[in-house]
1. What about A48, is it at pLDDT below 95 and either hydrophobic (A, V, I, L, M, F, W, C) or over 16 Å from L27 (Cα atoms) (or both)?
2. Does P54 satisfy the condition of being farther than 20 Å from V32 by Cβ, open to solvent by less than 90 Å² (accessible area, probe 1.4 Å) and not small (G, A, S)?
3. Residues L62, L40, L87, L46: which one is among the aliphatic types (A, V, I, L, M) and surrounded by 10 or more Cβ atoms within 10 Å (Cβ to Cβ)?
4. Scan A112, A31, A82 and give me the residue that is under 16 Å from C18 (Cα atoms), open to solvent by less than 80 Å² (accessible area, probe 1.4 Å), assigned to a helix (DSSP H, G or I) and among the aliphatic types (A, V, I, L, M).
Amino acid sequence: FITGAPDDPAAANAEVKCFDPAANPYLTVGAVLAAGLAALDTDTALPAPVAGDPAGRDVPRLPTSLPDAVALFSASTVLREAMGDELFEAFAAVRTAEAELFAGHTPEELAAATRERY
């Protein structure tokens, strides 16, 4: 999210707190930059700030499962353009295969199966 300095409304700080620490940092930074540049190109406005705890409010949420995240990723023309078709398709294929491999397992089973792998 972006916050402005109280004494300078033109100043802003950008923070990204919504990704998994296991995410590839290069792809994460590249995706955030591509999304930011696309928003600037289309004059996209920031949403209204949410004061307090957003739980229980009708605000956009991040996906809660890997299949949901892959579906949203696959629909992104911004990320496809930024990554290029080959990397974009490879990334989606790997994540889809992971979702299929781990479907039906509990979080504890997933942690035990992947602890040493990743």
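1. Values: at pLDDT below 95: yes; either hydrophobic (A, V, I, L, M, F, W, C) or over 16 Å from L27 (Cα atoms) (or both): yes.
For A48, the condition - at pLDDT below 95 and either hydrophobic (A, V, I, L, M, F, W, C) or over 16 Å from L27 (Cα atoms) (or both) - is met.
2. Working: farther than 20 Å from V32 by Cβ: yes; open to solvent by less than 90 Å² (accessible area, probe 1.4 Å): yes; not small (G, A, S): yes.
Yes: the conditions hold for P54.
3. On the way: L62 fails: surrounded by 10 or more Cβ atoms within 10 Å (Cβ to Cβ); L40 fails: surrounded by 10 or more Cβ atoms within 10 Å (Cβ to Cβ); L46 fails: surrounded by 10 or more Cβ atoms within 10 Å (Cβ to Cβ).
Of the residues listed, the single one that is among the aliphatic types (A, V, I, L, M) and surrounded by 10 or more Cβ atoms within 10 Å (Cβ to Cβ) is L87.
4. Working: A112 fails: under 16 Å from C18 (Cα atoms); A82 fails: under 16 Å from C18 (Cα atoms).
From the options A112, A31, A82, the qualifying one is A31.
Results for (1) surrounded by 13 or more Cβ atoms within 10 Å (Cβ to Cβ); (2) under 21 Å from A34 (Cβ atoms), shown as yes or no for each residue.
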| position | (1), (2) |
| --- | --- |
| A69 | yes, yes |
| F91 | yes, yes |
| A99 | yes, no |
| T106 | no, no |
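The values are calculated or read from the model by the stated rules, or taken from the named source; none is laboratory data. Values in this document were obtained by computation on a predicted structure and should not be read as measured data. Cβ sites come from the backbone with ideal geometry, for glycine too, and all protein chains shown count toward neighbours. Just the protein is used for accessible areas: all its heavy atoms, side chains included, with ligands, DNA and RNA removed. Shrake-Rupley method; radii C 1.70, N 1.55, O 1.52, S 1.80 Å.
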